[in-house]
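One structure below.
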Amino acid sequence: MRALRNREGAFALYKGEDVEIVGYTTCGGCPGGNIEYAPEEMKKNGTDVVHLATGLVVGYPPCHRLRAFCEFIPAKFGLDVVIGTHPIPQNYYLTHKELGTWRSEKWQERIQHVLTDEETRKAYD
């Protein structure tokens, strides 16, 4: 909630805008069963965008179903998807940098909204 309030991480997309959270849930664990149902409830509550949690990219390994979720939600529910919520914490950033997890162009695209400056990352440790 802090990231939304401060418009940090992926929520920086909404600087200067009024935003309302209309739903919050987990993916339901592997294989992500809530992804089949939760976006529909969120849409009924008025959402236009589903944010997939930053945890899906910082966990190790990152979620193997991320691409599928990003394809399924728009196709099934007509909702936009943004990867990320709060900024990547510095400790996760350093680990994944050491491991080379996000070196590829595809991963750089996926983490673009949550990869912030070092000071902000440290504030989320």
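The values are calculated or read from the model by the stated rules, or taken from the named source; none is laboratory data. Being a predicted model, the structure only gives us computed values, none of them experimental. Neighbour counts run over all protein chains shown; Cβ positions are idealised from the backbone, glycine included. The protein model used for the area step is the full one, side chains on, heavy atoms only, and it has no ligands, DNA or RNA in it. Shrake-Rupley method; radii C 1.70, N 1.55, O 1.52, S 1.80 Å.
A few comments on the model shown:
- Note on Lys106: accessible area approximately 100 square angstrom, rounded to 10, probe 1.4 Å, nucleic acids and ligands left out.
- Estimated dipole of the chain in Debye, rounded to 20 [Cβ of Lys and Arg +1, of Asp and Glu -1, Cα centre]: 240
- Thr116 accessible area, assembled protein chains, probe 1.4 Å, Å²: 30
- Mean accessible surface per residue for the chain, computed with a 1.4 Å probe while every protein chain stays in place, in Å²: 62
- The angle separating the long axis of helix 90-99 from the principal Cα axis of greatest extent in the chain is about 70 degrees.
- Of Val49, Cys27, Ala38, farthest towards positive along the dipole that unit charges on Lys, Arg, Asp, Glu beta carbons give the chain: Cys27
- Taking all protein chains together and rolling a 1.4 Å probe, Arg65 ends up with roughly 90 Å² accessible.
- Element breakdown for the stretch 17-113 at a 1.4 angstrom probe: carbon and sulfur atoms account for 48% of the accessible area.
- Here the spin labels are modelled as points 7 Å beyond Cα on the Cα-Cβ line, and at Asp48 and Lys76 they lie 2.3 nm apart.
- On Cα atoms only, tilt of 66-77 relative to the major axis of the chain in degrees: 20
- For the stretch 1-72, the dipole from Cβ point charges (+1 on Lys and Arg, -1 on Asp and Glu) about the Cα centre works out to 240 debye, to the nearest 20.
- Tensor-based shape of the stretch 1-67 (alpha-carbon gyration tensor, a/c under 1.5 rounded, otherwise prolate or oblate): oblate
- Nearest-0.05 FRET efficiency for Tyr37 and Met1, computed from C-beta distance (R0 25 Å): 0.60
- Only one of [x] 15.0; [y] 16.6; [z] 25.8 was calculated from the structure for Kirkwood radius over Cα pairs in Å, and its label is [x].
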